[in-house]
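Peer 1: Take a look at this one; I'll ask things after.
The values are calculated or read from the model by the stated rules, or taken from the named source; none is laboratory data. A quick note: this is a predicted structure, and the numbers were derived from the prediction, not measured. Cβ atoms come from the backbone with ideal geometry, glycine included; neighbour counts cover every protein chain shown.
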Amino acid sequence: MRDVTRSVCFRWFQEVWNQNQEETIDELLDPDCYAHGINSEDGPKGIEGFKVFYHNFKGQFQEIKIDVLDVISQDDMECAHVEVSAIHAETGRRVNFSGLALVRIENGKIAEAWNHFDFLNMYQQLGQVLTSPEKEEAAG
């Protein structure tokens, strides 16, 4: 049986998100890391870019809890399946959604990450409706 607690991913979610240990970002993230699904093409990358996302998300959500359900590791790659719960600061609504984080590790640090979280589900729980561009044009 896998022991997810021995993975870099487990430590990342536990310390950075659940225990609010921002210094772990500096310790576990390579300064040149690119986080697909988090970094914008024209924004900062690496530690600075992640911290922009981190502070933005923490400003919008409270009581963030990320449970690591499973981690699969091979060679320099880890993939974590997680369940996120949080309270939206503006509305007070609780959201629950899942995600996958695939990371490439070099010298014990996350060198590249691919983040796939069910943000559509999260936004729907907040009452937002997905509309097509055609419907927006017709309404506007």
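Peer 1: Considering each of 43, 49 in turn, give the residue that is farther than 21 Å from residue 125 by Cα, surrounded by fewer than 13 Cβ atoms within 10 Å (Cβ to Cβ) and either under 16 Å from the mean Cα position of the chain (by Cα) or at pLDDT below 95 (or both).
Peer 2: Every option except 43 fails the conditions.
Peer 1: Which of the residues that make up the range 101-120 are loosely packed, with under 15 Cβ neighbours inside 10 Å and either among the polar types (S, T, N, Q) or touching a His at 6+ places or on another chain (Cβ under 8 Å) (or both)?
Peer 2: Listed by number, the list holds a single entry, 107.
Peer 1: A further question on this structure: Whether any residue in the range 61-69 is among the acidic types (Asp, Glu), surrounded by fewer than 12 Cβ atoms within 10 Å (Cβ to Cβ) and within 30 Å of residue 91 (Cβ to Cβ) is what I want to check.
Peer 2: yes
Peer 1: Taking the range 1-24, which residues are of a type outside the set (S, T, N, Q) and closer than 18 Å to residue 102 by Cβ?
Peer 2: Of everything in the range 1-24, those that are of a type outside the set (S, T, N, Q) and closer than 18 Å to residue 102 by Cβ turn out to be 2, 4, 6, 8, 9, 10, 11, 12, 13, 16, 17.
Peer 1: Within the range 1-117, considering only strands (runs of 3 or more DSSP E) that don't extend past its boundaries, which have at least 2 residues that are small (Gly, Ala, Ser) and in contact (Cβ under 8 Å) with a residue 60 or more places away in the chain?
Peer 2: Ranges flagged: 109-117.
Peer 1: Check the range 37-55 and report whether any residue there is among the aliphatic types (A, V, I, L, M) and more than 16 Å from residue 104 (Cα to Cα).
Peer 2: Yes: one or more hits.
Peer 1: Based on what the data block shows, is residue 76 in contact with a strand residue (DSSP E or B) (Cβ under 9 Å, 6 or more places away or on another chain), at pLDDT 95 or above and more than 20 Å from residue 117 (Cα to Cα)?
Peer 2: yes
Peer 1: Let me ask another. Out of the range 72-110, which residues are charged (D, E, K, R) and either under 15 Å from the mean Cα position of the chain (by Cα) or under 17 Å from residue 37 (Cα atoms) (or both)?
Peer 2: So in the range 72-110, the residues charged (D, E, K, R) come out as 75-76, 78, 83, 90, 93-94, 104, 106, 109.
Listed by number, the residues that qualify are 78, 83, 104.
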